[in-house]
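Asker: Take a look at this one; I'll ask things after.
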Amino acid sequence: MRRIFKLTPALTIALVALLWYQNAPEAQIRNAVGKVMPADAAPADQQIFRFLNDEPTNLDIGVAIYEVGGIVFLFERLTMLNHNNQVIPGAASSWASSDDMTRWTFHMRPGARWSDGRPVTAHDFEYSYKRMFDPATASGYAFFYHDIKGARAYNTGQTNDPNTVGVRAVDDMKLVIETEGPCPYLPMITAFFTSIPVPEWQVNKYGVKWATDENGVSNSSYKIKTWRLGEHLTFELDPYYNGPLKGYLSEIRSIFKNRGNTGLLAYENNELDLVYVDVRDLSRIERDPRLQAELHKYMDFNALYLFFKTREGLFSDLKVRQAISHAIDREALCNVVLRGTALPAYTMLPPGFPGYSGDRLKDIQRFDPARAKRLLAEAGYPNGQGFPSVDIQLRNDLPHRLMAAEAMAGMLKEHLNITVGVQNMEPRVYSDAMAKYDIPLSLIPFQYDFPDPHNLLGMVWHTQPAGRHDWTNAEFDRLIETAAREVDEAKRNEMYHQAERILIEDVGGAFVFHDYVLQLRKPWLAGWKKDNTGQAPFFIDNSTITDLYVKR
């Protein structure tokens, strides 16, 4: 006899619950600050990212960018750049400009707090910007902000009144920045690493040491956890952070470099999750199938070029500079010496960069040894006779750039019969000499700060009272100044193209190569985002560290 079961209300509820549980999606797992973790993420205690880095001397990024050892994710700027170099909200949730782009209003994100719990306000940014421009603070990047009304005059001592600077907090939630003229790229400047807020109460309490240890106060997704001198610096999630760039990782560990340690052995021993690769290690990596599979290469917008002391002495002669520019075989340098880890450069702007017009300018500094010899003879040095010995100076640069300088010295000997040495200088000595325009010949990199031609052309090559180079050209300056104020993108780009042609023809610099970034990345790291060129760049910044996590 068939037995008939009658469903009671309680049994019905139980069966429905069972069916829902069996078919429900996996429960969402959140990290310590409430961010939903990816489905394949490892447990929280395994969300640790370890990388090799220089030990900072302090973390006061706004005034000591070269001393922070690459730790730029501790502070959130008004705006940020994402992996596609698009401006996105940071400490400001929105912003707008006047019609003529001379007045920008930034609206602060409600509820934002410092790592000590204090509110992040527009007043913090007003204080920080004016501190950065103050000559007494000696920020190396103050010139970067001279588009801001009154910033140049205050920074160069023409006035000692900070109230003349066009940065003003209307109230806690609204910051207004005024510029000297139309400035369409201002939101890119406010996204630059040095455009950080500084906790005034900490500066007042500790002075220059406010950011030298774990007492530092920050405003990003991560805060300092421990700092062991000579060993490592660790960061943890900040529960006060309420912004759009919350991280997945529970902990970030910056392992300090030891003398001669490239990190490759530590990487192979699983003591590091990411390491930058030296060209000299490529053969070893390529022989190891596992390492070869973990090698990643991407082009970061940069230019490596020779610059000259042009106002006096040997390199004040244009023909000498032209001769050197034509004596360098960039193809051989990139493909043979650097083993395909760089692209030949004939312009300052790299391929893919906004305003790039290198295809139209490539022939100006092309490799042409016969022309190089003729120009050097016309300058009074036939077959190199009488040409004084000179060094290519570098700022304690990476090994592959030292290799490139040595290769260029060999090319100049081969094609011009001149003796050129290579000197890798201590950074502070080099920087002091550079500031005084006292370096005759140097190979130097410049990596973009924001994706606009004004950065690589105007901020590097426009005549400055104290800048990177002593090269000056009135027509170049005029074009740069006009382009910077032009809001029509096509017109701007054409003016930048004309200015770059002048720079290349007058050999303000001999442009040599654009180098790739080489990294080994562990397969358990995930969260890489491809940019609009198909590459997956990774720089340890707020907007890229946010997406990184450890897979199961």
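Derivation of every value follows stated rules applied to the coordinates shown; laboratory data play no part. Note that the coordinates shown come from a computational prediction; the quantities given were computed from them, not determined experimentally. Reconstructed Cβ throughout: ideal geometry from the backbone, glycine too, with neighbour counts over all protein chains shown.
Asker: For Cα pairs less than 8 Å apart in space and 6+ apart in sequence, what is the mean separation divided by the residue count of the chain, i.e. the relative contact order in percent?
Answerer: Result for the chain is 19 percent.
Asker: If I model a spin label as a point 7 Å beyond the Cα along the Cα-Cβ vector, how far apart are those points for Lys413 and Ile88 in nm?
Answerer: 5.0 nm
Asker: A further question on this structure: Could you give the dipole magnitude of the stretch 302-516 about its Cα centre, charging the beta-carbon of Lys and Arg +1 and that of Asp and Glu -1, in debye to the nearest 20?
Answerer: That gives the stretch 302-516 a dipole magnitude of about 380 debye.
Asker: Please give the Cα centre distance for the stretch 63-88 versus the stretch 479-552, rounded to the nearest Å.
Answerer: Centre-to-centre distance over Cα atoms comes out at 14 Å.
Asker: For Lys149, give me every one of the lysines with a C-alpha distance below 28 angstrom, ignoring sequence neighbours fewer than eight places off in its own chain.
Answerer: Straight-distance partners of Lys149: Lys130, Lys174, Lys436, Lys491.
Asker: What is the sum of charges, Lys and Arg at +1 and Asp and Glu at -1, for the other residues whose Cβ falls under 12 Å from the Cβ of Gly243?
Answerer: Cβ neighbours under 12 Å give a net charge of +3.
Asker: Quick one: net charge around Asp124, please, counting Lys, Arg +1 and Asp, Glu -1 for every other residue with C-beta under 14 Å from its C-beta.
Answerer: Summing Lys and Arg as +1 and Asp and Glu as -1 gives +2.
Asker: Rounded, prolate or oblate, given the Cα gyration tensor of the chain, with a/c below 1.5 counting as rounded?
Answerer: prolate
Asker: Which of the peptides 357-364, 447-454 is most tightly packed, and how do the rest follow, going by the mean number of other Cβ atoms within 10 Å of each residue?
Answerer: 447-454, 357-364
Asker: Which value in deg cm²/dmol, rounded to the nearest 500, describes the helix-derived mean residue ellipticity at 222 nm for the chain, given -39,500 (n - 2.57) per DSSP H run of n ≥ 4 and division by the residue count?
Answerer: -7000 deg cm²/dmol
Asker: Is the stretch 419-552 rounded, prolate or oblate when judged by the Cα gyration tensor, a ≥ b ≥ c being the square roots of its eigenvalues, rounded requiring a/c under 1.5 and prolate requiring a/b larger than b/c?
Answerer: oblate
Asker: Same structure, new question: When only alpha-carbon atoms are used, what values of Rg and Dmax, in angstrom, describe the stretch 58-208?
Answerer: 14.5, 42
Asker: Report the Cα centroid-to-centroid distance between the stretch 404-430 and the stretch 242-316 in angstrom, as an integer.
Answerer: 23 Å
Asker: Using packing as a proxy for protection, rank 345-353, 510-518 so that the peptide with the highest average count of other Cβ atoms within 10 Å comes first.
Answerer: Ranking the peptides 345-353, 510-518 by packing returns 510-518, 345-353.
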